[in-house]
Amino acid sequence: MPYSQLDCFQFPRSGDARRSARLADNWRSLIAVADACSPAWGALTREAAVAFSKSCHDEDILVVLLQHILEVFDACGVDRLASKTLVDALVDMDDAGWSEWRGLRDDQQPRQLSQGELARLLAPFCIRPRSIWPRLRRQDNGKSSKGYFRWQFEAAWRAYCGGNHGISVQVSDIARLCQHARAPARPRGQ
């Protein structure tokens with residue numbers, strides 16, 4: 001394939017056109033050299049480009065997770081979130097990948113991010129789920145749940161997010177989910 005036709009070569013789509021274009025730019029010269037050697041080498045290089053590009057991440061997924069958690073806390077406007085509420089908000093984020101989580105190495109079957117997996121992902125930052133109580137214990141029947149306090153993330157956000165989130169915030173959807181999570185539970189028997 002001549003160099004001028006390399007623009008037509010399709011790399012795996014990640015939902016981000018700029019990322020796909022960068023991947024193509026990174027491989028373009030190598031594919032051109034392989035094509036100059038022989039058509040067989042060109043074909044092998046294309047296969048390698050697709051295979052390597054599937055596992056390529058522009059950003060560290062753990063930093064992306066921290067950024068998304070920051071967005072959830074900001075949208076909800078609370079100082080604590082139950083693990084279930086946080087995971088539900090992450091899974092509901094459009095194009096974030098948490099609804100089709102494939103593991104850290106992107107080598108597992110797609111599934112929704114779970115509370116246990118979230119805890120394992122946050123462990124390197126020394127962030128672990130704790131027992132959290134509703135702010136108004138008597139009004140919310142005083143039930144505790146496992147979850148996270150905002151202060152647990154502050155040091156990691158300062159170190160890795162730097163105040164510049166860089167990812168679009170889906171405030172209305174996350175706020176709606178948090179409102180639903182804060183609604184008082186119905187007493188049993190009603």
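The values are calculated or read from the model by the stated rules, or taken from the named source; none is laboratory data. Since the model is a prediction, treat every value here as computed from it, not as a measurement. Neighbour counts run over all protein chains shown; Cβ positions are idealised from the backbone, glycine included.
Quick one: how many residues across the range 89-102 are within 14 Å of Q115 (Cα to Cα) and touching a His at 6+ places or on another chain (Cβ under 9 Å)?
Here the count works out to 3.
Cβ contacts < 6 Å: first residue under 16 Å from L121 (Cα atoms), restricted to the range 66-91; second residue among the β-branched types (V, I, T) and surrounded by fewer than 21 Cβ atoms within 10 Å (Cβ to Cβ), any location; separation 6+ or different chain. Result?
Hits for this filter: Q67/I167.
Quick check: anything in the range 1-22 at pLDDT 85 or above and crowded, with 16+ Cβ neighbours inside 10 Å?
no
Based on what the data block shows, is R80 of a type outside the set (S, T, Y) and surrounded by 15 or more Cβ atoms within 10 Å (Cβ to Cβ)?
yes
So for the range 96-117 (the condition being assigned to a helix (DSSP H, G or I), at pLDDT 90 or above and within 22 Å of G162 (Cα to Cα)), does at least one residue qualify?
No - not one qualifying residue is present in the range 96-117.
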